[in-house]
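This report concerns only the one structure given below.
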Amino acid sequence: RRYETPNSLASDILRHLEHEPVLAHGPGAAYHLRKFLRRHRWQVVAVLVVAVFAYAAAVVLSMWNRDRAQLAEAEGFKHRGILSQAWEQYAKAECDAALETIRPILDSRHVGPEARLLQATILADKRESQKATAILEGLQNNRLPAIAGAAHSLLARIRWENETLDAEKLREIEGHRQKAEELLPETAEAYFLRAMTAPTIKEQLAALDRAL
């Protein structure tokens, strides 16, 4: 009753054996999907296996990234604590102790530039100008404006205190000071850095007053 000719019946039997949709059946989506899955079962299984492995890998990677972020946060907190301790030692004139304290964090990805700036400040106080200058020249182009500005300010101070001043040196010093003023933000921390690197006591007191 469903087929007009024996050939039509034979064709549908062959389609059934090949897991193709038969023409006599209604065009339902579920039926066609079932036939498709029967026809491509091994490919479907392979795709499902790949999908399961991809999902598992994504979950593992997500957990690994979360653990890394937590470890980085803990490391950053620890390094900031070490830097704070070194600043306290420097404030108490314990310069050698401060240099030893910051040694492990000089290359820290969290506070490395700040630690090297403190190191250069201490070396400048100890009249080790060449070492301080080498550190500051690596910081004067730092991506953090406060660090780069403080480096320029301290370079101006070192040039002022340790070199024979002529017209060229004075221009260089003024260039560093102008660059420092452009880069240093109007914050208490920045004024404190200005005070630590100012060439004269008058300028140090003025910067500390603004910081307060």
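The values are calculated or read from the model by the stated rules, or taken from the named source; none is laboratory data. All values derive from a computational prediction rather than experimental measurement. Using ideal geometry, Cβ is built from the backbone for each residue, glycine included, and neighbour counts are taken over all protein chains shown. Each accessible area value is taken on the protein alone, full model and side chains, heavy atoms only, with ligands, DNA and RNA left out. Shrake-Rupley method; radii C 1.70, N 1.55, O 1.52, S 1.80 Å.
General remarks:
- Test result for His19, surrounded by 13 or more Cβ atoms within 10 Å (Cβ to Cβ) and at positive phi: yes
Let's see how each residue does on (1) open to solvent by 20 Å² or more (accessible area, probe 1.4 Å); (2) without any contact (Cβ under 8 Å) to a residue 24 or more places away in the chain; (3) closer than 23 Å to Gln130 by Cβ:
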residue: Pro145; (1), (2), (3): yes, no, no
residue: Lys169; (1), (2), (3): yes, yes, yes
residue: Glu182; (1), (2), (3): yes, no, no
residue: Ala190; (1), (2), (3): no, no, no
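- Any hit, the stretch 105-115, residues being closer than 25 Å to Thr200 by Cβ and either within 26 Å of the chain's Cα centre (by Cα) or not aromatic (Phe, Trp, Tyr) (or both): yes
- Residue within the stretch 92-114 that is part of a helix (DSSP H, G or I), of a type in the set (S, T, N, Q), open to solvent by less than 30 Å² (accessible area, probe 1.4 Å) and farther than 16 Å from Ala180 by Cβ present: yes
- Total residues in the stretch 128-161 satisfying the condition of being β-branched (Val, Ile, Thr) and over 19 Å from Arg109 (Cβ atoms): the figure is 2.
- Scanning the stretch 152-166 for residues that are among the aliphatic types (A, V, I, L, M) and modelled with pLDDT under 85 yields a total of 1.
- If you go through the stretch 116-137 and keep only what is open to solvent by 60 Å² or more (accessible area, probe 1.4 Å) and not acidic (Asp, Glu), you end up with Arg116, Lys126, Arg127, Gln130, Lys131, Ala134.
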